[in-house]
Structures are given as structure tokens and as C-alpha cells.
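J.: This is the structure I want to talk about, given as C-alpha cells.
The values are calculated or read from the model by the stated rules, or taken from the named source; none is laboratory data. Just so it is clear, the model here is predicted, and its values are computed rather than measured. Cβ placement follows ideal geometry from the backbone for every residue including glycine, while neighbour counts extend to all protein chains displayed.
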């Protein structure tokens with residue numbers, strides 16, 4: 001019998017650890033024999049969404065496109081891990097409505113910690129006015145009100161966050177093993 005796919009939607013501000021967790025979690029799930037694909041917001045902006053900017057409308061359109069792809073993959077038994085800021089609750093609500101087996105993971109980390117980790121200098125540029133519409137600086141991030149899973153990356157290393165996610169998936173019947 002084919003495995004049932006689902007979508008893990010990792011949301012959080014830039015630098016919170018979404019991509020790190022997504023790539024390591026994907027490897028762990030593959031080791032359990034699952035087919036896994038990671039849809040990373042930055043990568044998708046260079047391909048599927050290169051025509052979009054960072055206005056609220058464009059960010060919502062970006063989430064809709066990613067949700068469309070994620071839902072199609074999950075319906076074919078793929079575990080899809082989405083690493084996408086998705087700053088607005090309304091966009092995450094629409095994504096949830098579009099994807100039957102959807103798990104929201106809030107990758108929680110204070111802006112100050114993310115700015116201190118920022119190897120690309122994006123927060124410095126945003127605070128200096130060089131980057132408009134930067135989530136958490138000049139544009140809002142609406143934290144999830146009731147995500148299925150919350151990991152706090154300022155308090156735990158990525159491996160601990162991954163253990164929290166895997167435990168939740170096991171406890172709720174999304175994965176075996």
C-alpha cells in the first residue's frame with residue numbers, strides 16, 4: 001500500500017532556521033523510507049516565482065503557488081517540507097484550506113537572534129533602508145496562533161527541533177518507524 005503524503009509548512013522570520021531544519025528533517029524522513037521533497041522559498045523565488053516581489057499581494061501569491069505544488073506532490077505520497085516565511089495568517093489559513101494533510105510548524109526565534117545570526121547582512125540592510133518590505137523589520141510577521149508544532153530555535157539546536165517534529169509526526173500517525 002502506498003504511503004500517504006502530507007505537507008509540513010515551516011513558517012518563521014528570515015534566519016529562524018527553516019531551511020536548516022527542512023534539509024536535515026528531509027534526510028531523516030528519507031532514512032525512514034519516505035519520499036520527500038523540500039520546497040524552499042528562496043529557491044522558488046529564483047524559478048517558479050521570479051516574477052513576484054515582496055508586497056503583501058506578491059507574498060500571498062507566492063504562498064498560493066507553493067501550496068499548489070505542495071498539494072499535488074503530497075497527493076502522490078510525497079512528504080513535502082515547505083520552508084517559507086509566509087508572514088500573514090490569512091495566507092497560511094488559505095494554504096491550510098487548500099491542503100488536506102497540512103501540518104503548520106512555527107519556527108520561532110526572536111528577531112534580535114535572527115539578526116545576530118544573519119550571515120547575509122539582510123537585517124542590517126533592511127534596518128538601513130536598503131531592503132524594503134523586510135519581514136520583521138519594515139513589514140509585519142503575524143505569528144501563528146495555533147500551529148500543530150512550535151520549535152524554538154533560539155533555545156534548542158536543529159537536531160532537537162527535528163526530534164520534536166518527528167515525535168509529533170509519529171504520535172499523530174503521519175509516520176511510522
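J.: Can you work out which of the residues in the range 71-85 that are closer than 19 Å to residue 165 by Cα and in contact with a helix residue (DSSP H, G or I) (Cβ under 7 Å, 6 or more places away or on another chain) is surrounded by the most Cβ atoms within 10 Å (Cβ to Cβ)?
T.: Among residues in the range 71-85 that are closer than 19 Å to residue 165 by Cα and in contact with a helix residue (DSSP H, G or I) (Cβ under 7 Å, 6 or more places away or on another chain), the one surrounded by the most Cβ atoms within 10 Å (Cβ to Cβ) is 83.
J.: If you scan the range 43-54, which residues turn out to be surrounded by 13 or more Cβ atoms within 10 Å (Cβ to Cβ) and either at pLDDT 90 or above or closer than 19 Å to residue 137 by Cβ (or both)?
T.: 43, 44, 45, 52, 53, 54
Conditions (1) within 22 Å of residue 52 (Cβ to Cβ); (2) part of a loop (DSSP other than H, G, I, E, B); (3) free of Cβ contacts under 8 Å to residues at least 40 places away in the same chain; (4) touching a strand residue (DSSP E or B) at 6+ places or on another chain (Cβ under 6 Å), marked per residue:
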site	(1), (2), (3), (4)
81	yes, no, no, yes
114	no, no, no, no
144	no, yes, no, yes
162	no, no, no, no
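J.: If you don't mind, another one. Might you let me know whether the range 132-142 holds any residue that is touching a strand residue (DSSP E or B) at 6+ places or on another chain (Cβ under 7 Å) and modelled with pLDDT of 95 or more?
T.: Our first condition is that a residue be touching a strand residue (DSSP E or B) at 6+ places or on another chain (Cβ under 7 Å); within the range 132-142, this holds for 133, 141.
Then drop every residue that is not modelled with pLDDT of 95 or more, which leaves 141.
Within the range 132-142 (the criterion being touching a strand residue (DSSP E or B) at 6+ places or on another chain (Cβ under 7 Å) and modelled with pLDDT of 95 or more), the answer is yes, since at least one residue qualifies.
J.: Which one of these does residue 126 not meet: (1) modelled with pLDDT under 95; (2) part of a loop (DSSP other than H, G, I, E, B); (3) surrounded by 16 or more Cβ atoms within 10 Å (Cβ to Cβ)?
T.: (2)
J.: So for the range 148-155 (the condition being in contact (Cβ under 8 Å) with a residue 24 or more places away in the chain and within 20 Å of residue 42 (Cβ to Cβ)), does at least one residue qualify? Talk me through it step by step, then tell me what you get.
T.: Our first condition is that a residue be in contact (Cβ under 8 Å) with a residue 24 or more places away in the chain; within the range 148-155, this holds for 148-154.
When the remaining residues are screened for being within 20 Å of residue 42 (Cβ to Cβ), the result is 151, 153.
Scanning the range 148-155, I find at least one residue that is in contact (Cβ under 8 Å) with a residue 24 or more places away in the chain and within 20 Å of residue 42 (Cβ to Cβ), so the answer is yes.
J.: Being farther than 17 Å from residue 84 by Cβ and touching a helix residue (DSSP H, G or I) at 6+ places or on another chain (Cβ under 7 Å) is the filter; apply it to the range 129-144 and report the residue that is surrounded by the most Cβ atoms within 10 Å (Cβ to Cβ).
T.: Just the residues of the range 129-144 that are farther than 17 Å from residue 84 by Cβ, to begin with: 129-132, 137-138.
Now restrict to residues that are touching a helix residue (DSSP H, G or I) at 6+ places or on another chain (Cβ under 7 Å): 131, 137-138.
Details: 131: 17, 137: 22, 138: 13.
Among residues in the range 129-144 that are farther than 17 Å from residue 84 by Cβ and touching a helix residue (DSSP H, G or I) at 6+ places or on another chain (Cβ under 7 Å), the one surrounded by the most Cβ atoms within 10 Å (Cβ to Cβ) is 137.
J.: Inspect the range 103-110 for any residue being surrounded by fewer than 15 Cβ atoms within 10 Å (Cβ to Cβ), touching a strand residue (DSSP E or B) at 6+ places or on another chain (Cβ under 9 Å) and closer than 30 Å to residue 32 by Cβ and give the result as yes or no.
T.: No: the range 103-110 contains no residue that is surrounded by fewer than 15 Cβ atoms within 10 Å (Cβ to Cβ), touching a strand residue (DSSP E or B) at 6+ places or on another chain (Cβ under 9 Å) and closer than 30 Å to residue 32 by Cβ.
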